[in-house]
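Right, one structure below, let's go through it.
The values are calculated or read from the model by the stated rules, or taken from the named source; none is laboratory data. Just so it is clear, the structure is predicted and the values come from calculations on it, not from any experiment. Here the Cβ positions follow ideal geometry from the backbone for every residue, glycine too, while neighbour counts run over all protein chains shown. Accessible surface areas use protein heavy atoms only, side chains included; no ligands, DNA or RNA. Shrake-Rupley method; radii C 1.70, N 1.55, O 1.52, S 1.80 Å.
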Amino acid sequence: RNALEAMAHSSRRELIASNMPAADDMIEIAVSDTGSGFGEDVVPNLFRTFFTTKETGMGVGLSVSRSIIEAHGGRMWAEANSAGGATFRFTLPAASSESLTDGA
């Protein structure tokens with residue numbers, strides 16, 4: 001939702017979600033957009049509860065998302081894209097092949 005809102009007034013609207021294996025049996029998921037992005041001065045506060053760059057934002061979505069991801073053993077971070085927009089990345093433990101086949 002954040003990406004779609006950030007791209008609302010962009011001439012180029014591209015949203016890419018991808019995943020790939022990461023170190024220590026983790027999976028990394030990346031969501032990248034061509035929206036307005038954010039400045040480096042915003043990065044330290046992005047995941048702080050009640051911090052928002054939106055006029056009508058509550059500032060809890062990224063904080064809650066990061067807490068859930070960390071509770072599952074992963075981590076979450078954000079990067080400004082050099083061509084504009086932003087990429088949010090997070091890792092989670094990869095499912096074992098046994099858990100995929102045991103019907104759980």
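When Leu46 is evaluated against the numbered criteria (1) modelled with pLDDT under 85; (2) surrounded by 15 or more Cβ atoms within 10 Å (Cβ to Cβ); (3) closer than 15 Å to Phe88 by Cβ, which criterion, by number, is the only one it fails?
So the condition that Leu46 fails would be (1).
Starting from region 27-40, keep only residues that are within 10 Å of Glu79 (Cα to Cα), then list their pairs with residues that are of a type in the set (S, T, N, Q) and open to solvent by less than 30 Å² (accessible area, probe 1.4 Å) whose Cβ atoms are within a distance under 9 Å, requiring at least 6 positions of separation or different chains.
If the second residue must be of a type in the set (S, T, N, Q) and open to solvent by less than 30 Å² (accessible area, probe 1.4 Å), the pairs left are Ser32/Thr87.
So in region 49-91, with the set limited to residues that are acidic (Asp, Glu) and at pLDDT 90 or above, which one is surrounded by the most Cβ atoms within 10 Å (Cβ to Cβ)?
So the residue we want is Glu79.
Would you check which residues across region 21-43 are open to solvent by 100 Å² or more (accessible area, probe 1.4 Å) and under 30 Å from Ala94 (Cβ atoms) and list them?
Pro21, Asp24, Asp25
Of everything in region 74-92, what is among the polar types (S, T, N, Q), under 14 Å from Gly37 (Cα atoms) and within 12 Å of the chain's Cα centre (by Cα)? Give them in sequence order.
The one that is among the polar types (S, T, N, Q), under 14 Å from Gly37 (Cα atoms) and within 12 Å of the chain's Cα centre (by Cα): Thr87.
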